[in-house]
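Scroll down for the structure; my scribbles are underneath it.
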Amino acid sequence: MPTRAAPATTCDVLIVGGGAAGIATAASLLKRQPGLDIWIVEPSERHYYQPGWTMVGRGLFRPERTVRMTEDLIPPGAEWIRASVVAFDPDHDRVQCADGGWIGYRMLVAAPGLKLDWGAIPGLMETLGRNGVTSNYSFESAPYTWELVQALHRGRALFTQPPMPIKCAGGPQKAMYLSADHWVREGLIDDIQIEFHTAGPVLFGVKAYVPALMAYIEKYGVDLRLGSRLTAVDGPGRTATFAVGGPDGGVVEERREFDMLHVCPPQTAPGFVRDSPLAAASGWIEVDDSSLRHARFENVFALGDACSAPNAKTAAAVRKQAPVVAENLLSVMRGRPMRAVYDGYGSCPLTVERGKIVLAEFGYGGKLLPSFPKWLVDGTRPSRLAWHLKSEILPEIYWQGMLKGHEWLAAPHHLPATPRAVEGLRP
Ligand code: FAD
């Protein structure tokens, strides 16, 4: 633990991470309290709209459509500190940056996202973007997915999904369905063997959506391998190795040759989060699931992929979380009870074919939380309207709404205004 020293600089609200969650929270805070002193620590000069990478992997979005300059997205009134945080020191209300300097705060919002652990799969990093190995989980390699899909006319295509939690739990399946849809349209599907290897025991974690997805697994002739975890990749040898649960409870190693391999990498909390006093035993930042305030540090909030709340890690979740954090943080600053409640909403628009989506929207415990009446969009069935939502409307909601504090489709729920302190939501 670092020793106490006066921070060189101090602000009222420090936001760590200027991704979806950091920028949205800054915008929501400034909407409620213009003039608030907010600093955002973010090392990257580029900000990515990651949900667009699925569309890049099918040649439907140009990659440039998914990236903007960070400096253009910092809400007016907030200050961008271009640096990386390397340590949290919540006992002394400060963080340390990579250059060794400290920044102090009155309130902290931790939103540094998660770590894509490419290195956890031996052989993967060396071959990603070459030898038929690709991933929509990176800006650099998503265009290569589309190159491979177009070039494959016969052979074997493998799609892999690591253990949960991952961001956008449907991401690995989306890549597969859209690729298969192209092969159907080109009349190639009978010559391409598709395998989906997921480390999990089910195709999708919320039961209501499984029948619609299984219909596509059958339509595309996918060989569904449950409990099969990617452990190594030999790019030049075009072979992937899996650990597969055996019938006696043991683990069997299995090798599969491929012509195309789409990998979703294992995902963890970033190292500096795991090693910090903010972490839960799981490594994620330990928050109260409803208020999103830290479980032990009263002036700390966390949201987005880095926090411990058991929602689907999605930008859709962030859209709902940011106003909750903004409201509750300002209540704490003003010495009032926190009233805004996050219900665990997350959404995964499963692109089952070009032009149709199974729009999974659910909260804590898998409770279905549809945004639209069933006659308009029935989330448990493929929908054309949901496709327009994903391909045209949601990017605008992201860039023009969520990152600018407009909070479309994101109004927080509130506890009744009583002076009584509520467990987990005390000021
Ligand atoms: P991020 O947006 O990843 O931002 C984290 C930020 O923290 C980054 O800017 C990073 O540079 C910064 N940072 C990292 N380390 C530090 C540090 N040490 N100090 C300071 N800053 C740091 N969501 C949906 O809602 N719908 C979808 O259809 C969807 N599809 C997806 C498809 C793919 C292929 C992927 C990869 C993601 C998808 N998502 C989708 C998920 C969504 O993009 C994420 O859940 C969302 O971006 C999380 O926001 P975040 O701010 O927590 O993390």
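The values are calculated or read from the model by the stated rules, or taken from the named source; none is laboratory data. The model shown is predicted, which means the values in this text are computed figures rather than measured ones. Quick reminder, even Gly has a Cβ in these numbers, built from the backbone with ideal geometry, and neighbours come from all protein chains shown. These area figures cover heavy atoms from the full protein model, side chains too; ligands, DNA and RNA do not enter into them. Shrake-Rupley method; radii C 1.70, N 1.55, O 1.52, S 1.80 Å.
In the range 93-104, the condition of being of a type in the set (D, E, K, R), free of Cβ contacts under 8 Å to residues at least 60 places away in the same chain, surrounded by fewer than 19 Cβ atoms within 10 Å (Cβ to Cβ) and closer than 23 Å to Gly405 by Cβ is met by no residue. Residues that are within 16 Å of the ligand (Cβ to nearest atom), touching a residue at least 40 places away in the same chain (Cβ under 8 Å) and not in a loop (DSSP other than H, G, I, E, B) within the range 308-328 comprise Lys313, Ala315, Ala316, Val318, Arg319, Lys320, Gln321, Ala322, Pro323, Val324, Val325, Ala326, listed in sequence order. Looking at the range 48-61, can you tell me whether even one residue there is away from the ligand (no atom under 14 Å from the Cβ), at negative phi, outside the structural domain of Phe139 (by TED's automatic domain parsing) and charged (D, E, K, R)? No: zero hits. Against the numbered list (1) touching a residue at least 40 places away in the same chain (Cβ under 8 Å); (2) assigned to a strand (DSSP E or B), Glu407 comes up short only at (2).
Here is the figure for the range 231-248: residues that are over 21 Å from Glu147 (Cβ atoms), assigned to a loop (DSSP other than H, G, I, E, B) and open to solvent by less than 70 Å² (accessible area, probe 1.4 Å) total 1.
Yes or no: Met125 in a strand (DSSP E or B) and more than 15 Å from the ligand (Cβ to nearest atom)? Taking the combined requirement at face value, the residue does not satisfy it.
When you check His406 against the structure, is it touching a helix residue (DSSP H, G or I) at 6+ places or on another chain (Cβ under 9 Å) and at pLDDT below 95, yes or no? When the stated conditions are applied, His406 does not pass them. If only residues of the range 37-57 that are open to solvent by 10 Å² or more (accessible area, probe 1.4 Å) and part of a loop (DSSP other than H, G, I, E, B) are counted, the one that is nearest to Ala111 (Cα to Cα) is Glu42.
Name the single residue, out of those in the range 20-47 being of a type in the set (Gly, Ala, Ser) and within 7 Å of the ligand (Cβ to nearest atom), that is nearest to Leu394 (Cα to Cα). The extreme case among them is Ala20.
Of all residues in the range 105-117, at least one satisfies being away from the ligand (no atom under 14 Å from the Cβ), under 22 Å from Ser276 (Cα atoms), touching a residue at least 60 places away in the same chain (Cβ under 8 Å) and more than 22 Å from the chain's Cα centre (by Cα). Looking for something in a helix (DSSP H, G or I) and open to solvent by less than 30 Å² (accessible area, probe 1.4 Å) - is there at least one such residue anywhere in the range 185-203? No - not one qualifying residue is present in the range 185-203. Checking each residue in the range 257-300 for being β-branched (Val, Ile, Thr), open to solvent by less than 10 Å² (accessible area, probe 1.4 Å) and over 30 Å from His414 (Cα atoms) picks out only Val263. Among the residues of the range 333-365, those that are surrounded by 14 or more Cβ atoms within 10 Å (Cβ to Cβ) and outside any strand (DSSP E or B) comprise Met333, Pro337, Met338, Arg339, Tyr342, Asp343, Gly344, Tyr345, Arg354, Gly363, Tyr364. Of all the listed residues (Leu178, Leu158), the sole one being closer than 19 Å to Met125 by Cβ and not assigned by TED's automatic domain parsing to the domain that holds Arg58 is Leu158. Set side by side, the residues Trp399, Trp387 differ, and just one is modelled with pLDDT of 95 or more, assigned by TED's automatic domain parsing to the domain that holds Ser308 and surrounded by fewer than 17 Cβ atoms within 10 Å (Cβ to Cβ), which is Trp399. Close contacts from the range 238-256, counting a first residue that is under 16 Å from Glu195 (Cα atoms) and a second that is of a type in the set (Asp, Glu) and open to solvent by 80 Å² or more (accessible area, probe 1.4 Å), with Cβ to Cβ under 7 Å and a gap of 6+ residues or different chains, come to Arg238/Glu257; Thr239/Glu257; Thr241/Glu253; Ala243/Glu253.
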